[in-house]
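Comments concern the structure below.
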Amino acid sequence: MDHNFLLSTLSILSLLSISSLVYMLSKKTKLPYTVLLVLTWLILIPISHLWFLKFIVEFKLTPELLFFVFLPILIFESGYNMWYRQLLRNWKSIWSLAIIWLLISTFIIWYWLYFIFDLIWLPVPLEITMLFWSIISSTDPVAVLALFKQFWAPRRLVLIFEWESLFNDWTALALFLVMLAVIKSWVVSTWTIWIWIATFLCMLIWWIVFGSVMWFWFSKLIEKVRWNENLEIALTMIVAHLTFILSEVISEFVKIWWFEIKISWVIATAVASIVVGNYWRYKISHKVEEYMENFWWFVWFVANSLVFLLMWVMFVSLNVNLINFIIPVIITILVVIIARWISIYIPISIFNILKLEDNIPKSWQNLLAWWSLRGALALMMVLMIPDDFIIQSWTLPYSIKDFLLAITIWSIMFTLFIKAPSIWYLVKKLKINKLHEIEHFQKHESMILIYLEIIEKIEQINLKWHISESEYVELNSKYQKKLSHEIEEFKKLLSKNKNPDELINKAFSLHALWIEKQYLKELFRYNEIDEYIFKYMLWKIDRQIERIENDKTQVKQETLIEEMGVIDKIIIYLHSKNDDIIYQYLKNRTKYIVSSKVIDEFQKLRKIDIWISENSFNSIIELYSKFNWLSRQKMNEIYSKNEKMISKLDIRLVNKSLLKLEEKTVKVLFEKEFLSPKLYVDISDEIEHKINRDAKTLI
C-alpha cells in the first residue's frame, strides 16, 4: 500500500472536515466564511508541525490540479444560477462598471504604481504593474454574495455586484494569460500591444463559435438521457470540464493555415454555464432540477475550501518574507482603493444624472465602492506564473513571482480582515437591509395565513386525537393571540401608509403571480404541458413580476410580446406553434387552471377579516375571472371543432391528474411502512414513467 497516497487521502478528508466546521461556525457567528478559513489557516500551520498532525499538509496543490480540476468548477458554478434577462435589464450599469473599472484601473494601477514605486527607489517595470493589475482586478464574488444573502441586501444590488464581479473575473483572467504570454516573449512594444489586443479579441470571437458547438451538443445529449438522474448531473460536470479542457487543447494545438486559434477557456466555460442555467435547465428532469443547485453548491464548497486552505499552506513553504513588503503593500492597497472609488462613483453618477437606467442610490454606491473582496482567483493567477519567470529590466533581489505573491497576499488579507468584518456595520449604517413597505405587507400577510393554518390544524388534532380540553384551549388561545397581534400590526401598517390601496394592489398582484408560477411549475412537473409552453408562460409571469416590483402596473392584455427582448422574440418565432391545435388547447387549458387557482386562493383570503376592502379583492378576482373566461371560451371553441381529438387528450390529462394522487398515496404508504423499499421503488418508477409520457403523443 502506498503510504503517500494514504496520507494524502487523510489530508483531504481532514481539510474537508475542518472546512465543514468552519462553515458551521460562520453561520453561527455571521462572519464571512473565507475570513474564518484564513484564521483557521493561521492556527493550522503551527499545529501541523506537530509530528502526529503532519499529515494535514501532506496533500499538495499542483498547478495542473488547480487549473484543470478546481477552476472549471468555480467558473461553472458562478454562471449556472445567473439569469441573463436580469443582465439585459441592468446591462448599462453592469457593463459600464465592468468596462470603466477596467479602463480606470488600467491607468491608475499600471502607471501610478509604476511611478510611485520608482519614487521610493523600488524600480518595478511597467510590464509587472500591468500583470499585477490583471491579478488584483479579479474579485471574490462568492464570498461577497454569501454576505449579501446573509444580510438581505436588495436583489438589484446583488445582481449588479454579481454580474460586475463575474465579468471582471472572466476578463481579468483572460487578460492575465494574454499579458503573461506577451511579457514572456521578452519584447513589449507598440506592435506587441496590438498583437495582444488582437489575440484577446480573437479569443472572444472563437469562444462564440466553440461555445455554440458545445451548447448544441449538450442540449441534444441531455434530451437523450432525460429522466436518468445520475447521467444528467454527470453531464453538467462533464460539460464544465470538457469546455474548459477542449478550449485549452484547441488553443494549444489547432491552427488554420498560419493563424493560431485562441479560445478563452474562462469565458467559454462561463458562457456555457449561463446558457445551461438559462436555456437547458428545463430540459433536465424535475427531480434532478430540485437538487442540481445543491449539487453544484456542494462541489463549489469542496473546491473553494480545498483551494483556499491548500494555497495558504503552499505559501508557507515559499521563500517570501511578507514583512519586507510593508511599504509597497500599503501603497498598492491605497492605489487599488482609490481606483475602485473612482470607477464606481463616476460612471454611476453619470448614469443617475442622465437617467439612463433606474437610479442607483448613494448608499449602494458606497457599498459597491467598499465591497471588493479578493480571494482564490487572484491567488490562482499568481500560481500560474512560472517559478523561473524573469524579464531583462527586473533588478530587485527577489523573483517576480515572489514579489507579486507578497503584494497579492497582503491585498487579500486587507480585504478579508478589514473590509469583510466591516460589511455588517455598513449595511446597518446605510440601512440597506431595511424592509420596504411591500415586504412588511407580505410578512404580516404570510404570518396571518400561517397562524390560520395552525389554528385549523389544532381543530383537526382535537377531533382526531382527543386531546384534553385544557390542552386544546391553551393551544388555541396561544395562536389566536398571535393571529390577533399580526392582524393589528397589519392594520397599523395600512393606516400609516399614505396610499394603502396602491400598496394592497401591488401586494395582491405579486401574490397572484406567485400562485400562477407555483401551479405552472406543478403542471410542468407532471408533464401536462411541454417545455415550450412552460418557458413561454413562465417568462410572461416573471416579466409581470418585474414590472410590479418596478412600480409599474400589471399588464392586463393577453400577451406581453411587445416587451420581449430580441433573443426571446427569435426563440418564440422559431418555436411558434400557432397552427398546432393540441398546443393551443394545452396553452389555454394551462391559463384556465392557473387562473382558477388564483381565484380560489383569493376567495379564501377574502373571508379573513384583515381590514382590506372588498374592492381590492374584487379587482384581482375580476381580472383573473376575465382571463379564466377567455381561456375557457377558446378551449370550448377548439373542442367544438376537434371533438374527437380533444376528448382523447382530455382523458389522458385526467389520467395524469390521477397519477399525481397515486404518487402521493404511494409515498404516504411507504412512510407508514405499508410498502417495502423494493415495492416503493418499483411502483414509483412505474408511476413516474406514466407521468413522463407526453400527453400529446398519446392521442
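Observations, loosely collected:
- Residue 334/residue 3 FRET efficiency (R0 41 Å; Cβ-Cβ; nearest 0.05): 0.25
- The length gained by stretching the chain between residue 49 and residue 521 to full extension, at 0.36 nm per residue less their Cα-Cα distance, is 164.4 nm.
- Alpha carbon centroid spacing (whole Å) that separates region 1-77 from region 580-595: 53 Å
- Theoretical gain in end-to-end length, residue 219 to residue 485 [0.36 nm per residue, Cα-Cα removed]: 90.5 nm
- Stretched out straight at 0.36 nm per residue, the stretch from residue 546 to residue 514 would grow longer than its current Cα-Cα span by 10.3 nm.
- Separation of the residue 580 and residue 660 label points, Cα + 7 Å toward Cβ, nm: 2.2 nm
- Taking 19 Å as the cut-off, the amide N atoms of region 293-308 that come nearer than this to a point 7 Å along the Cα-to-beta-carbon line of residue 17 belong to 302-303, 305-307.
- On the beta carbon distance between residue 229 and residue 122, with R0 = 51 Å, the FRET formula returns roughly 0.35.
- Rolling a 1.4 Å probe over the protein heavy atoms leaves residue 77 with an accessible area of roughly 30 Å².
- Region 577-677, accessible surface, carbon-and-sulfur percent (1.4 angstrom probe): 53 percent
- Simple spin-label estimate for residue 356 and residue 604 gives 4.8 nm between the two label positions (7 Å along the Cα-to-Cβ direction from each Cα).
- Accessible surface of region 25-67 [probe 1.4 Å, protein heavy atoms]: carbon and sulfur percent: 73 percent
- Residue 686 versus residue 426: modelled label distance in nm, points set 7 Å from Cα along the beta carbon direction: 6.1 nm
- Entries in 478/607; 30/482; 496/540; 457/664; 498/597 that, when Cα-Cα distance is taken, lie over 24 Å: 30/482; 496/540; 498/597
- Both radii were evaluated on the Cα set of region 1-137; the Rg over Rh quotient, with Rh as the Kirkwood radius, amounts to 1.09.
- Residue 390/residue 241 FRET efficiency (R0 51 Å; Cβ-Cβ; nearest 0.05): 0.95
The values are calculated or read from the model by the stated rules, or taken from the named source; none is laboratory data. These figures come from a predicted structure and were not determined experimentally. Heads up, the Cβs are rebuilt from the backbone with ideal geometry, glycines too, and the neighbour counts pull from every protein chain shown. For the accessible areas, the whole protein counts, side chains as well, though only heavy atoms, and no ligand, DNA or RNA atoms are used. Shrake-Rupley method; radii C 1.70, N 1.55, O 1.52, S 1.80 Å.
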